[in-house]
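Q: One structure follows; several queries about it will come next.
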Amino acid sequence: MTDIHQIFPAAGAGPLPVEALERLYAYPDDGRLRVCVNFVSSADGALEVEGRSAGLSTPPDRVVLRLGTDLADVVLVAAGTAVAEGFTGVRPRERMAERRRRFGLSEVPSTAVVTGSGRSLPPSASVLTDVVIPTIVFTCAAVPERVRAGWTDAGAEVVLTGDGTVDLHAALTELDRRGLRRVNCMGGPGLFGSLAEAGLVDELRLTVAPFLVSGDAGRIARGAGLDPARLSLVSVVTGDDTLLIRYRVGEPAGR
């Protein structure tokens, strides 16, 4: 594994052992639903290169991203991001299986996709068809029935959570009902913005990658806007000139 060092809270010298990194990124075992949102950004704030985040990812980012998935009950992603990034359902891997056994989790996490229009999620999308367990699609009644039927025919489980738009409160309540309480959200910016505006984000996991991009790439959250939400620093680790930051959302530092 790439050497990763802990900056905050202060830790001993030397690379962070895998077990310590796992403990740092593990969800609290208290039965409460938690939403952690993951993004990678360049040092100048870009979140993509040529339309994809992969161009910004570094080895430490991939370690932490994989860890977030390994320790989650469900991966939540917007349809447009899932298609643009070529998402599939999570595939079992030996290390993941061993890690999940130790943390008392199921063999693989579920995948849930959010789409309010249906236009960005074709039935052939790999996030629906290349899966081990059926993908959950959270959508709304405004999406034509024939479109929803196409997802069902592709093997997905379609769940209506609203009329004209997706009710994210209802979607998360449904995940909670299913016991999928460790939610690892992989974006995109529209979904993150909507979750944040609804007060549904517990933690932001932000990788600051050592690149300058410039251009007109977007920011990690997009939406109507909200009063600045106070973030409380939880941890910072580093490796390969990359900063991997965890923020608790909505709680003032020192509380």
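The values are calculated or read from the model by the stated rules, or taken from the named source; none is laboratory data. Remember, predicted model here, so these are calculated numbers, not experimental data. As a convention, Cβ positions derive from the backbone with ideal geometry for all residues, glycine included, and neighbour counts pool all protein chains shown. Heads up: the accessible areas ignore ligands, DNA and RNA and are worked out on the full protein's heavy atoms, side chains in. Shrake-Rupley method; radii C 1.70, N 1.55, O 1.52, S 1.80 Å.
Q: Output the number of the condition that ASP30 fails; it satisfies all remaining conditions of (1) modelled with pLDDT under 95; (2) closer than 28 Å to HIS169 by Cα; (3) of a type in the set (Asp, Glu); (4) touching a strand residue (DSSP E or B) at 6+ places or on another chain (Cβ under 9 Å).
A: It is condition (4) that ASP30 fails.
Q: Does GLU50 qualify as being outside the structural domain of ILE245 (by the TED database), more than 23 Å from ALA171 (Cα to Cα) and surrounded by fewer than 14 Cβ atoms within 10 Å (Cβ to Cβ)?
A: no
Q: Now for a separate question. So which residues in the range 165-191 are in contact with a Ser or Thr (Cβ under 7 Å, 6 or more places away or on another chain) and surrounded by 20 or more Cβ atoms within 10 Å (Cβ to Cβ)?
A: Result: VAL166, LEU168, ALA171, LEU180, ASN184, MET186, GLY187, GLY188.
Q: If a residue must be in contact with a strand residue (DSSP E or B) (Cβ under 7 Å, 6 or more places away or on another chain), assigned to a helix (DSSP H, G or I) and either under 23 Å from VAL237 (Cβ atoms) or open to solvent by 40 Å² or more (accessible area, probe 1.4 Å) (or both), how many such residues does the range 60-83 contain?
A: The initial filter retains those residues of the range 60-83 that are in contact with a strand residue (DSSP E or B) (Cβ under 7 Å, 6 or more places away or on another chain), namely 60-61, 64-65, 68-69, 71-79, 82.
Next, from what is left, pick out any that are assigned to a helix (DSSP H, G or I): 60-61, 64-65, 68-69, 79, 82.
Next, only the ones that are either under 23 Å from VAL237 (Cβ atoms) or open to solvent by 40 Å² or more (accessible area, probe 1.4 Å) (or both) stay: 60-61, 64-65, 68-69.
Within the range 60-83, residues that are in contact with a strand residue (DSSP E or B) (Cβ under 7 Å, 6 or more places away or on another chain), assigned to a helix (DSSP H, G or I) and either under 23 Å from VAL237 (Cβ atoms) or open to solvent by 40 Å² or more (accessible area, probe 1.4 Å) (or both) number 6.
Q: For the subset of the range 89-103 comprising residues that are open to solvent by 50 Å² or more (accessible area, probe 1.4 Å) and touching a residue at least 40 places away in the same chain (Cβ under 8 Å), which member is nearest to GLY164 (Cα to Cα)?
A: Looking at the filtered set, the residue picked out is ARG91.
Q: Filter the range 122-164 down to the residues that are in contact (Cβ under 8 Å) with a residue 12 or more places away in the chain, of a type in the set (S, T, N, Q) and not in a loop (DSSP other than H, G, I, E, B), then identify the one that is least open to solvent (accessible area, probe 1.4 Å). Steps first, answer last, please.
A: Here is the first cut: in the range 122-164, the residues in contact (Cβ under 8 Å) with a residue 12 or more places away in the chain are 122-144, 147-148, 150-151, 153-164.
Then keep just the ones that are of a type in the set (S, T, N, Q); that gives 124, 126, 129, 135, 139, 161.
If we keep only those that are not in a loop (DSSP other than H, G, I, E, B) as well, we get 126, 129, 139.
On the way: SER126: 40, THR129: 76, THR139: 0 Å².
Here the residue is THR139.
Q: Within the range 1-54, how many residues are part of a helix (DSSP H, G or I) and under 16 Å from LEU67 (Cβ atoms)?
A: Number of matching residues: 8.
Residues are listed down the side, and each one gets a yes or a no for (1) of a type in the set (A, V, I, L, M, F, W, C); (2) touching a Gly at 6+ places or on another chain (Cβ under 7 Å); (3) closer than 24 Å to GLN6 by Cβ:
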{"site": "PRO189", "(1), (2), (3)": "no, yes, no"}
{"site": "ASP202", "(1), (2), (3)": "no, no, yes"}
{"site": "ARG205", "(1), (2), (3)": "no, yes, yes"}
{"site": "ARG222", "(1), (2), (3)": "no, yes, no"}
{"site": "SER232", "(1), (2), (3)": "no, no, yes"}
{"site": "VAL236", "(1), (2), (3)": "yes, no, yes"}
{"site": "ASP241", "(1), (2), (3)": "no, no, yes"}
{"site": "VAL249", "(1), (2), (3)": "yes, no, yes"}
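Q: Out of (1) closer than 18 Å to ASN38 by Cβ; (2) buried (at least 19 other Cβ atoms within 10 Å of the Cβ); (3) out of contact with any Leu (no Cβ under 9 Å at 6 or more places or on another chain), the odd one out for GLY86 is which?
A: (2)
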